[in-house]
Amino acid sequence: VLWALTIPGHIVVLSIIEISENMAGAGHTSQTPMFIFVYMIAAVIQVGILLKLAIKITHKVWEWGDDPDDSAIPYLTAFGDLIGQVLLFGAFAILYQLGDGDNDVGE
């Protein structure tokens with residue numbers, strides 16, 4: 001269920017970003033179809049990795065006799081931040097190589 005909600009959830013977030021930029025008249029974000037596609041791939045990969053890791057860490061913490069709520073969640077949160085940054089960097093690197101970048105960045 002969490003994996004299935006990844007794409008709809010990110011579509012909502014991207015829509016809110018686009019609407020708020022249009023209303024405020026600020027920002028330099030271009031949400032091209034290629035950006036959205038690569039971004040969604042990165043998001044699905046991140047959630048897949050985190051779900052797999054959550055299962056492994058939770059079982060390991062139970063084996064150690066600890067409460068997964070206290071022990072596993074901080075590790076998953078930190079790793080989620082790390083893997084999210086790495087995947088987002090990778091997405092932007094791919095987009096840059098494909099020539100899909102903002103023309104107005106740096107103004």
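List the pairs whose first member sits in segment 66-80 and is under 11 Å from Leu53 (Cα atoms), whose second member is among the hydroxyl-bearing types (Ser, Thr, Tyr) and in a helix (DSSP H, G or I), and whose Cβ atoms are under 8 Å apart, counting only residues at least 6 apart or on separate chains? The qualifying pairs are Ala72/Thr58. Within this structure, Leu2 passes the test of being closer than 25 Å to Ala91 by Cβ, exposed (fewer than 13 other Cβ atoms within 10 Å of the Cβ) and not small (Gly, Ala, Ser). Taking segment 5-25 as the search range and keeping residues that are among the β-branched types (Val, Ile, Thr) and in contact with a helix residue (DSSP H, G or I) (Cβ under 7 Å, 6 or more places away or on another chain), which one is least open to solvent (accessible area, probe 1.4 Å)? Per the stated criteria, the residue is Thr6.
Kindly indicate the residue of segment 26-63 that is surrounded by 13 or more Cβ atoms within 10 Å (Cβ to Cβ), modelled with pLDDT of 90 or more and not hydrophobic (A, V, I, L, M, F, W, C) and also farthest from Gly99 (Cα to Cα) among those meeting that condition. Among those that are surrounded by 13 or more Cβ atoms within 10 Å (Cβ to Cβ), modelled with pLDDT of 90 or more and not hydrophobic (A, V, I, L, M, F, W, C), it is Lys60. Could you grab the pairs with beta carbons closer than 7 Å, sequence gap of 6+ or different chains, first residue in segment 1-14 and over 14 Å from Phe37 (Cα atoms) and in contact (Cβ under 8 Å) with a residue 12 or more places away in the chain, second one surrounded by 12 or more Cβ atoms within 10 Å (Cβ to Cβ) and of a type in the set (Ser, Thr, Tyr)? Matching pairs, first to second residue: none at all.
If we scan segment 19-35, do we find a residue that is under 23 Å from Val1 (Cα atoms), among the hydroxyl-bearing types (Ser, Thr, Tyr) and without any contact (Cβ under 8 Å) to a residue 60 or more places away in the chain? No: zero hits.
Residues in segment 64-76: is at least one under 16 Å from Leu2 (Cα atoms), assigned to a helix (DSSP H, G or I) and open to solvent by less than 80 Å² (accessible area, probe 1.4 Å)? For segment 64-76, residues under 16 Å from Leu2 (Cα atoms), assigned to a helix (DSSP H, G or I) and open to solvent by less than 80 Å² (accessible area, probe 1.4 Å): present.
The values are calculated or read from the model by the stated rules, or taken from the named source; none is laboratory data. The shown structure was predicted, so the numbers you read here are calculated from the model rather than taken from an experiment. Cβ atoms come from the backbone with ideal geometry, glycine included; neighbour counts cover every protein chain shown. What goes into the accessible areas is simple: the full protein's heavy atoms, side chains included, and nothing from ligands, DNA or RNA. Shrake-Rupley method; radii C 1.70, N 1.55, O 1.52, S 1.80 Å.
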